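Participant: This is the structure, below, for whatever I ask next.
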Amino acid sequence: MIVVAIIMRLTYDCMCNHCDCNDKRPFHPLPMENPVKAPICKLQDIPAVGVKAVTFFGREYLVYRAGGEPRAVLNACMHLGGPLERKGDRFVCPWHGASFACSSGVRESGPKGTHDRLLPLPTRSENGELVYVYGE
Ligand code: FES
C-alpha cells in the first residue's frame with residue numbers, strides 16, 4: 001500500500017498539501033457542498049516586493065506576490081513553526097535556516113519538518129480584493 005501511495009505521489013503533479021489529484025495549480029481547494037469565501041486584504045495593499053502580514057481567522061499569514069500573482073501562506077516554518085522572512089524569491093526561517101520557494105511554497109533547503117511545503121490559503125482576486133475561497 002505504501003508503495004502504491006508513493007507511486008501515485010510521483011505520477012501525479014498535484015502540489016497541494018491535501019490530496020493526490022492531478023491539478024496543476026500550486027494551491028487549490030477541494031469541492032465542498034457549502035463553499036467558504038472571505039476577503040483577506042485589498043490587492044492594492046499587497047507590495048510588489050516583500051510581504052504584508054495579515055491576521056486571518058486568528059492566524060498570521062504573509063500576503064505577497066510571486067510572478068505578479070498575489071498569494072498567502074501561513075507565517076510558520078514547516079520545521080518547528082518559526083517565523084518566515086522573505087528574501088528575494090524565497091521564504092527563509094531564521095531559527096534553523098530552512099528555505100522555501102515563494103512560487104510554490106516547496107522547501108528547498110534546511111531541516112525537514114512535518115510538511116515539505118508551506119501552508120497556503122486558497123485565494124482568488126475579486127473586485128479589487130484578495131479573497132479566501134475554499135470548496136468551490
Ligand atoms: S523552525 Fe524553521 S528551520 Fe527550524
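Values quoted throughout were computed directly from the atomic coordinates according to the rules given, and no laboratory measurement underlies them. Because the structure is predicted, anything quoted here is derived from the model rather than measured.
Participant: Give me a comma-separated list of calculated 3J(HN,Hα) values for region 53-69, in order, Karplus coefficients 6.51, -1.76, 1.60 applied at θ = phi - 60°, integers in Hz, x for any Gly or Pro.
Facilitator: In residue order, the calculated couplings are 7, 10, 9, 9, 6, x, 10, 8, 10, 9, 9, 7, 10, 10, x, x, 8 Hz.
Participant: Let me ask something else. Scan around Ile40 for amide H atoms under 5 Å from its own, H built in the peptide plane at 1.01 Å from N, and keep only partners 5 or more places away or cross-chain.
Facilitator: Here Leu130, Val131, Tyr132 satisfy the definition.
Participant: From Cα coordinates alone, what are the radius of gyration and Dmax values for region 80-136 in angstrom?
Facilitator: Computed over the Cα atoms of region 80-136, radius of gyration and Dmax are 13.3, 40 Å.
Participant: Give a residue-ordered list of calculated ³J(HN,Hα) values for region 103-113 (Karplus: 6.51 cos²θ - 1.76 cosθ + 1.60, θ = phi - 60°; whole Hz; x for Gly, Pro).
Facilitator: Coupling constants for region 103-113: 5, 10, x, 6, 5, 9, 7, x, x, 7, x Hz.
Participant: Scan around Thr123 for amide H atoms under 5 Å from its own, H built in the peptide plane at 1.01 Å from N, and keep only partners 5 or more places away or cross-chain.
Facilitator: Val133
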